[in-house]
1. Residue 65 - would you say it is part of a strand (DSSP E or B), more than 24 Å from residue 125 (Cα to Cα) and among the polar types (S, T, N, Q)?
2. Specify the residue that is surrounded by the fewest Cβ atoms within 10 Å (Cβ to Cβ); the eligible residues are those in the range 84-100 that are of a type outside the set (A, V, I, L, M, F, W, C) and either in contact with a helix residue (DSSP H, G or I) (Cβ under 7 Å, 6 or more places away or on another chain) or in a loop (DSSP other than H, G, I, E, B) (or both).
3. Any residue in the range 7-14 that is closer than 13 Å to residue 110 by Cα and part of a loop (DSSP other than H, G, I, E, B)?
4. How many residues does the range 116-137 hold that are closer than 20 Å to residue 41 by Cα and either outside any strand (DSSP E or B) or not aliphatic (A, V, I, L, M) (or both)?
5. Taking the criterion of being in contact with a helix residue (DSSP H, G or I) (Cβ under 9 Å, 6 or more places away or on another chain) and over 18 Å from residue 3 (Cβ atoms), would at least one residue in the range 115-125 satisfy it?
6. In the range 38-58, what residues are over 13 Å from the mean Cα position of the chain (by Cα) and either among the aliphatic types (A, V, I, L, M) or surrounded by 16 or more Cβ atoms within 10 Å (Cβ to Cβ) (or both)?
Amino acid sequence: MRHLTITPATQYLIRIDRGEEVVEQLTAFCRDNNIHSGSLHGIGASDKIELAHYSVKTKEYSRKTYTGEHEITNVTGVITDDKIHLHATIANSSFETAAGHLVAMQISGACEIRLFAGKEAIKRTYNDETGLELLDV
């Protein structure tokens, strides 16, 4: 295990509105506010979601798109200088859930995010064994 201490800078409450795309909005927010490390979590409602599942064995993602009304029961992420890595759990009207790496999510109602920004810039480094860009700590 490796770790790095991040100095808390600022906490934000963010509302992403109907019709907006979550990954795009959070990426723009971090860029515009000079945020290069941190984490986030949130809830909301979406009508178009693309989730992915990564296979370490094949080093490839499989993807699935969900349409129709879904509750966002959780969106969680880690912010680094290079990208925002997000995962999400969603539920349909039958209370069936799906979860995975969040590729895209269009908001149908609203999305409320609490973002914790750090002062340090954190990078990612490609790892040959897993095929993933891992935290550079």
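Values in this text are rule-based calculations from the coordinates and carry no lab data. Just so you know, these numbers come straight off a predicted model, no measurement behind them. Counting neighbours? That spans all protein chains shown, and the Cβs are built from the backbone with ideal geometry, glycine included.
1. Here the answer is yes, as residue 65 does meet what is asked.
2. If we take residues in the range 84-100 being of a type outside the set (A, V, I, L, M, F, W, C) and either in contact with a helix residue (DSSP H, G or I) (Cβ under 7 Å, 6 or more places away or on another chain) or in a loop (DSSP other than H, G, I, E, B) (or both), then 94 is surrounded by the fewest Cβ atoms within 10 Å (Cβ to Cβ).
3. No: the range 7-14 contains no residue that is closer than 13 Å to residue 110 by Cα and part of a loop (DSSP other than H, G, I, E, B).
4. Qualifying residue count, the range 116-137: 6.
5. Taking the range 115-125 as the starting set, the residues that turn out to be in contact with a helix residue (DSSP H, G or I) (Cβ under 9 Å, 6 or more places away or on another chain) are 115, 117.
Those left that are additionally over 18 Å from residue 3 (Cβ atoms): 115, 117.
Scanning the range 115-125, I find at least one residue that is in contact with a helix residue (DSSP H, G or I) (Cβ under 9 Å, 6 or more places away or on another chain) and over 18 Å from residue 3 (Cβ atoms), so the answer is yes.
6. First pass over the range 38-58, keeping only residues over 13 Å from the mean Cα position of the chain (by Cα): 44-48, 53-58.
44, 45, 46, 47, 56, listed by residue number.
Per-residue answers, yes or no, for (1) under 29 Å from residue 119 (Cα atoms); (2) basic (Lys, Arg):
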| position | (1), (2) |
| --- | --- |
| 46 | no, no |
| 56 | no, no |
| 61 | no, no |
| 64 | no, yes |
| 68 | no, no |
| 71 | no, no |
| 83 | yes, yes |
| 86 | yes, no |
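Let's see how each residue does on (1) without any contact (Cβ under 8 Å) to a residue 60 or more places away in the chain; (2) within 28 Å of residue 127 (Cβ to Cβ); (3) assigned to a strand (DSSP E or B); (4) polar (S, T, N, Q):
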position	(1), (2), (3), (4)
23	no, yes, no, no
58	yes, yes, no, yes
76	yes, yes, yes, yes
82	yes, yes, no, no
109	no, no, yes, no
